[in-house]
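Quick notes on the structure that follows.
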Amino acid sequence: MAILTGKQVVVVGATGGVGAAIVRRVVAEDAKTLAVARERTALDRLAREIAGLDVLPLDASHEDAPAAVFDAMTPDVLVISAGARPPAAPLHKLTWSQFAVNWESDVKMSFGFCKAALDMPLRQGSTVILISSGAGLGGSPISGGYAGAKRTQMFIANYSQKESSRLQLGIRFVTLVPLMIMPDTSLGRFAVEGYAKYMGVSVTDFLSSLKSPQTPDDVADAVIELVSSPTARTGSIFSVSHEGIAVVP
């Protein structure tokens, strides 16, 4: 029997490189899956590729988005993989709205969905996974508030876990942190081009400096491992690299 047979899985941000990889992986594990994203065209294309996939087009950063998603499917596993594209300029070249774009998207939706999972609450044994970024651990000097936003996702998962434990809800909240830029995603390509320009090197030279970055499939595999081994993988923050996953102290 597949790991997720009989489970309901919601992936928010399902049409991005990482989100789509997670959708394909959980469907392969026999989960009833709802793919959520802003663009209907991209969702329909994904649904044509993956038989039996349910889709829901909406902006996950809207305050009513969690209610709409949970009305469509109450998840046993909820993965938040959505977010805004950050700026690619140093701090002094940004406006406040550019600096704050990931706070109004990535942080806002993480807050909204975790709050809703606790308020509802989701069923005992449910898992909520926030996909963050290695920028939240090491910084990202040309991405405005991106690194701080990705770090705050880790705090949100940690605080939510504390509330789940205090209230004896039995819901698990974790953050999964891909450590390196993924050049085979649209966000990764954007970051590569931005950093190459900032550093005054060619894209090829910048890519050659990256040491075996994890792939979207590595992230999807890590999601499955976290869901299937909750007692073996205790903690609230996990990194994922090409070598697998590890607890972040």
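(1) farther than 16 Å from Leu187 by Cα; (2) assigned to a loop (DSSP other than H, G, I, E, B): which one isn't true of Val9, the others all being true? It fails just one condition, (2). Does Phe113 satisfy the condition of being of a type in the set (Phe, Trp, Tyr) and within 28 Å of Pro249 (Cβ to Cβ)? Spelling it out, Phe113 is indeed of a type in the set (Phe, Trp, Tyr) and within 28 Å of Pro249 (Cβ to Cβ). Looking only at region 198-209, decide whether some residue is under 30 Å from Lys7 (Cα atoms) and surrounded by 15 or more Cβ atoms within 10 Å (Cβ to Cβ). No, that holds for no residue.
Taking first residues from region 167-183 that are over 19 Å from Ala222 (Cα atoms) and modelled with pLDDT of 95 or more and partners that are among the acidic types (Asp, Glu) and not in a loop (DSSP other than H, G, I, E, B), the Cβ contacts under 9 Å between residues at least 6 apart in sequence or on separate chains come to Leu169/Glu163. Only a single item in (1) within 22 Å of Val219 (Cβ to Cβ); (2) in contact with a Leu (Cβ under 7 Å, 6 or more places away or on another chain) is not met by Pro87, and it is number (1). Among the residues of region 21-56, those identified as assigned to a helix (DSSP H, G or I) and either among the hydroxyl-bearing types (Ser, Thr, Tyr) or in contact (Cβ under 8 Å) with a residue 60 or more places away in the chain (or both) are Ala21, Ile22, Arg24, Arg25, Val26, Thr41. All of Ala147, Ala117 fail the test of being under 17 Å from Ser81 (Cβ atoms), buried (at least 19 other Cβ atoms within 10 Å of the Cβ) and hydrophobic (A, V, I, L, M, F, W, C), apart from Ala117.
Taken as a whole, the condition of being farther than 19 Å from Ser133 by Cβ and at pLDDT 90 or above does not apply to Ser229.
Restricted to region 147-249, the set of strands (runs of 3 or more DSSP E) holding at least 2 residues that are over 15 Å from the mean Cα position of the chain (by Cα) comprises 244-247. Please work out if Ser164 is of a type outside the set (D, E, K, R) and modelled with pLDDT under 95. In short, no.
Check whether at least one residue in region 95-108 is under 22 Å from Asp218 (Cα atoms), surrounded by 19 or more Cβ atoms within 10 Å (Cβ to Cβ), touching a residue at least 24 places away in the same chain (Cβ under 8 Å) and of a type outside the set (Phe, Trp, Tyr), and report yes or no. Yes: region 95-108 contains one or more residues that are under 22 Å from Asp218 (Cα atoms), surrounded by 19 or more Cβ atoms within 10 Å (Cβ to Cβ), touching a residue at least 24 places away in the same chain (Cβ under 8 Å) and of a type outside the set (Phe, Trp, Tyr). Just to be sure before I move on: is Val18 at pLDDT 95 or above, surrounded by 17 or more Cβ atoms within 10 Å (Cβ to Cβ) and either of a type outside the set (A, V, I, L, M, F, W, C) or not in a helix (DSSP H, G or I) (or both) in the structure I sent? Spelling it out, it is not the case that Val18 is at pLDDT 95 or above, surrounded by 17 or more Cβ atoms within 10 Å (Cβ to Cβ) and either of a type outside the set (A, V, I, L, M, F, W, C) or not in a helix (DSSP H, G or I) (or both). Here Ala191 meets each of (1) out of contact with any helix residue (DSSP H, G or I) (no Cβ under 7 Å at 6 or more places or on another chain); (2) buried (at least 18 other Cβ atoms within 10 Å of the Cβ); (3) without any contact (Cβ under 8 Å) to a residue 60 or more places away in the chain with one exception, condition (3). I'd like to know if region 157-168 contains one or more residues that are of a type outside the set (Asp, Glu), surrounded by 15 or more Cβ atoms within 10 Å (Cβ to Cβ) and closer than 25 Å to Ala35 by Cβ. Looking through region 157-168, at least one residue is of a type outside the set (Asp, Glu), surrounded by 15 or more Cβ atoms within 10 Å (Cβ to Cβ) and closer than 25 Å to Ala35 by Cβ. Checking each residue of region 43-66 against the condition of being of a type in the set (S, T, N, Q) and within 24 Å of Thr215 (Cβ to Cβ) gives no match.
The values are calculated or read from the model by the stated rules, or taken from the named source; none is laboratory data. This one's a predicted model, so the numbers in the text were calculated from it and none came from an experiment. No Cβ is skipped: glycine too gets one built from the backbone with ideal geometry, and neighbour counts run over all protein chains shown.
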